[in-house]
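Q: Structure in structure tokens, see below.
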Amino acid sequence: MSSTRSRKRAGLALAATLPLVAGALAMGIPTAQADAPHGRHGLAGSKPVWATAKADRGATADSAEVTLRVYLAGRDAQGLAAYAKAVSDPGSASYGAFLSAEQAKARFGATAQQVAQTRQWLESSGLRVTGADDHYLTVTGDVADAEKAFGTQLHNYAKGAKTYHAPTGTASVPASLDGAVLTVTGLDNSPRRARHQDTLPPPGAVFKNAGPFSTYYGSNTDKKLPVAYGTRAPYAVKGYTGRQLRAAYGAGSYNGKGVTVAITDAFASPTIVADAKKYAARNGDAAYKRGQLSQVLPGDYRYTSPDECDASGWYGEETLDVEAVHAVAPAADITYVGAASCTDDDLLDALGKIVDHRLADIVSNSWGDLESNETPDIAAAYDQIFQIGAVEGIGFYFSSGDAGDNVANPLGTGAKQVDTPANSPWVTSVGGTSLAVGKGDKYQWETGWGTLKATLAEDGSSWTAFPGGYTSGAGGGTSKLYAQPFYQRGVVPDSLARANGGTVRQRVEPDIAAVADPNTGFLVGQTQAFPDGSFQYSEYRIGGTSLAAPVIAGVQALAQQARHGVPIGFANPLIYDRYGTGAYHDVTDHPLGRGKDLAVVRVDYANGFDAADGTITSLRSLGKDSSLSAVVGYDDVTGVGTPARGYLDTYKPHHR
């Protein structure tokens, strides 16, 4: 998305999907020079695809004000991409030769001369520099000044029922800057402009699950309910806990000690510390030690767009992420880095803090949007952060989305597409599964997460319109914007890599997977607003790839511990290097055999809180993810699979 585009929380799936954003080019330099007038360099992707001649509504007023971010390419953008690959590839002589944050800045950051020249050019165009950090300059001015600076006109364009301004052509910068400018964001203002507000809303309205439940998968079946797929489905679990997830993914004696996991989301829950401590005490997780959970928040706690971004909804996201990481890796340190809003600029700031100060080894990110909403300009800014992280030995993990192929996503275009930033070849995209953990915490099976819902008929004799309509599922598919990265060669089948047609193989996501289905989900505890006006701690089951991402981040913390603390860094080359071995559960949609479909029964309060308005009983069919399928081998629902019991041991020194 552009700098004014709102990101969505991936996951936090309760009953249906919560819709979930970067695009660019190949795995090397994320943006390329576009055609531009003589003496200028074009910034590819700066004109959005929706700014068409048909949608043109005329020139934007010269006096209208714009706020832009001019991202700096640094002194060696090509060298950064090359070194990021080299230190991440176990076949490279430079593998593991990570740099400190200071070394990375000195080797690849913008020079003082580049910053001064860029500032001088912007100010000579009439724009005012209002902010700066190591990655960008923020400027404001009127439209006429922006047009002068970037060599393109701004027009108003219709986009749906709204009108926004955008460049009529590719933006460009003077060639004399010698590649100092990576990209510019803000020349289009789709879909909104953030507003400032200093305070955040209280916790959101309460959500509770109704019973009955299973205590483990299959433990409670109601013989009075109708048959489905030749048998009666069990009630959904109340919610898995850390003990069950650690057993399912082979944690053994590892606990993540010595590893720091960062979590990025928007805003900050005012009750996270108390909630996390209470949850751990109630559900058998290790107590937090002093300083084990910390927060890095915007300066002066200044947040933007709390209403447009649904700030209180993000509290639940932070709670899930923190509690899931701690449940899987109870001794790992957790640093929560909150963005000032759900816009790209603020999320980039949060990610930038992590790499600028090397705040963590592993970064879990449960947010994203549709690839069709992304433009290569902002993708370049994200990829630069991911590449800097790679050279510092930091790995970024992103949820793959919660609407399958996104055809049915109400925010989509009706076409198959992936989610971003999970589509970036510089991050680990985490897909989702339905997980069965049985008696004694024994791993039984997984399917690809994809759900069909059929409600119980009024007379209780059948499931209405069985098997029902699609509700949600793990995101995946083939990017239209990124070429296939080196680590997917020979693993991802051409039927997926070339799914968009043509001869060019493209990036496919996800890379790896973990439990995501809210019907086989994770138990979380959070302070919520009750109907009587009080705020109380309560627990509920939740899912989405918003769960899968922190679970995998926790597993990777265990893997780094198995390496005696040596950072894994950008993990995809290692993840794919283990493909086809016993390190993974090879997840399919029919783990019990061809033709043997699976389902659970779920009972929900009609009002989401109590039985005052009755309950709704439904059958949730598993392994039905839109047009996506979990099959033998790599697939676009679960990637290479999920971590198996032997996964962590493969990270021991000299194991392989």
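The values are calculated or read from the model by the stated rules, or taken from the named source; none is laboratory data. Keep in mind that this is a model prediction, so the values were computed, not measured. Here the Cβ is made from the backbone with ideal geometry for all residues, glycine too, and neighbour counts use every protein chain on show. The area values use the complete protein model at the heavy-atom level, side chains included, leaving out ligands, DNA and RNA. Shrake-Rupley method; radii C 1.70, N 1.55, O 1.52, S 1.80 Å.
Q: Under 7 Å between Cβ atoms, at least 6 apart or on separate chains: pull out the pairs that start in region 242-257 with a residue that is at positive phi and end on any residue that is open to solvent by less than 10 Å² (accessible area, probe 1.4 Å) and not in a loop (DSSP other than H, G, I, E, B).
A: 250/643; 250/648; 252/648; 256/554; 256/557; 256/558
Q: Same structure again: Taking residue 635, is it closer than 15 Å to residue 478 by Cα and of a type outside the set (Ser, Thr, Tyr)?
A: yes
Q: Within region 583-596, which residues are outside any strand (DSSP E or B) and within 22 Å of residue 239 (Cα to Cα)?
A: 587, 589, 591
Q: Need the failing condition index for residue 554 against (1) surrounded by 18 or more Cβ atoms within 10 Å (Cβ to Cβ); (2) at pLDDT below 95; (3) outside any strand (DSSP E or B), just the number.
A: (2)
Q: Just to verify a result, which residue in region 353-402, among those that are assigned to a loop (DSSP other than H, G, I, E, B) and among the charged types (D, E, K, R), is farthest from residue 335 (Cα to Cα)?
A: Among those residues, the one meeting the criterion is 374.
Q: Return the residues of region 70-88 that are at negative phi, open to solvent by less than 40 Å² (accessible area, probe 1.4 Å) and modelled with pLDDT of 95 or more; say none if nothing qualifies.
A: 70, 71, 72, 73, 79, 80, 81, 83, 84, 86, 87, 88
Q: Another question about this same structure. Which of the residues belonging to region 486-511 are surrounded by 23 or more Cβ atoms within 10 Å (Cβ to Cβ) and in a loop (DSSP other than H, G, I, E, B)?
A: Within region 486-511, 492, 510, 511 qualify.
Q: Which of the residues belonging to region 99-152 are open to solvent by 80 Å² or more (accessible area, probe 1.4 Å) and closer than 30 Å to residue 84 by Cα?
A: Answer for region 99-152, where residues must be open to solvent by 80 Å² or more (accessible area, probe 1.4 Å) and closer than 30 Å to residue 84 by Cα: 102, 103, 105, 107, 112, 113, 119.
Q: If you don't mind, there's one more thing I want to ask. Can you name the residue in region 606-621 that is assigned to a loop (DSSP other than H, G, I, E, B) and in contact with an Asp or Glu (Cβ under 7 Å, 6 or more places away or on another chain) and, of all such residues, is nearest to residue 227 (Cα to Cα)?
A: Of everything passing the filter in region 606-621, 606 is nearest to residue 227 (Cα to Cα).
Q: Okay, next question. For region 257-269, state whether one or more residues are within 17 Å of residue 539 (Cβ to Cβ), of a type outside the set (Phe, Trp, Tyr) and either at pLDDT below 95 or part of a helix (DSSP H, G or I) (or both).
A: Scanning region 257-269, I find no residue that is within 17 Å of residue 539 (Cβ to Cβ), of a type outside the set (Phe, Trp, Tyr) and either at pLDDT below 95 or part of a helix (DSSP H, G or I) (or both), so the answer is no.
Q: Still on this model: Among the residues of region 161-190, count how many are polar (S, T, N, Q), at pLDDT 90 or above and open to solvent by less than 20 Å² (accessible area, probe 1.4 Å).
A: So the count comes out to 3.
Q: If we scan region 441-451, do we find a residue that is within 22 Å of residue 544 (Cβ to Cβ), polar (S, T, N, Q), open to solvent by less than 60 Å² (accessible area, probe 1.4 Å) and touching a strand residue (DSSP E or B) at 6+ places or on another chain (Cβ under 9 Å)?
A: Yes, region 441-451 contains at least one residue that is within 22 Å of residue 544 (Cβ to Cβ), polar (S, T, N, Q), open to solvent by less than 60 Å² (accessible area, probe 1.4 Å) and touching a strand residue (DSSP E or B) at 6+ places or on another chain (Cβ under 9 Å).
Q: For region 564-585, how many residues are among the charged types (D, E, K, R) and open to solvent by 20 Å² or more (accessible area, probe 1.4 Å)?
A: Adding up the residues that qualify gives 1.
Q: Within region 115-139, take every residue that is part of a helix (DSSP H, G or I) and among the charged types (D, E, K, R) and give me the one that is nearest to residue 71 (Cα to Cα).
A: This residue is 119.
Q: Of the numbered conditions (1) of a type in the set (S, T, N, Q); (2) open to solvent by 10 Å² or more (accessible area, probe 1.4 Å); (3) under 27 Å from residue 296 (Cα atoms), residue 219 fails exactly one; give the number of that condition.
A: (3)
Q: If you don't mind, there's one more thing I want to ask. Are any residues in region 191-202 at pLDDT below 70 and over 15 Å from residue 69 (Cα atoms), and if so, which ones?
A: Passing the criteria: 191, 192, 195, 196, 197, 198, 199.
Q: Here is a further query. In this structure, does residue 548 turn out to be among the hydrophobic types (A, V, I, L, M, F, W, C), open to solvent by less than 10 Å² (accessible area, probe 1.4 Å) and within 17 Å of residue 514 (Cβ to Cβ)?
A: Judged against the criteria, residue 548 is a match.
Q: Let me ask something else. Within region 408-440, can you find the residues that are modelled with pLDDT of 95 or more and over 19 Å from the mean Cα position of the chain (by Cα)?
A: 435, 436, 437, 438, 439, 440
Q: Can residue 224 be described as out of contact with any helix residue (DSSP H, G or I) (no Cβ under 6 Å at 6 or more places or on another chain), open to solvent by 70 Å² or more (accessible area, probe 1.4 Å), in a loop (DSSP other than H, G, I, E, B) and closer than 30 Å to residue 592 by Cβ?
A: Yes; evaluated as a whole, the condition is true for this residue.
Q: Sticking with this one: Run residue 603 past the list (1) in a loop (DSSP other than H, G, I, E, B); (2) among the β-branched types (Val, Ile, Thr); (3) surrounded by fewer than 20 Cβ atoms within 10 Å (Cβ to Cβ) and report the number of the one that doesn't hold.
A: The single condition residue 603 does not satisfy is (1).
Q: Let me ask something additional. If you scan region 341-394, which residues turn out to be among the small types (Gly, Ala, Ser) and either surrounded by fewer than 24 Cβ atoms within 10 Å (Cβ to Cβ) or modelled with pLDDT of 95 or more (or both)?
A: Hits for region 341-394 are 350, 352, 360, 364, 366, 372, 389, 390, 393.
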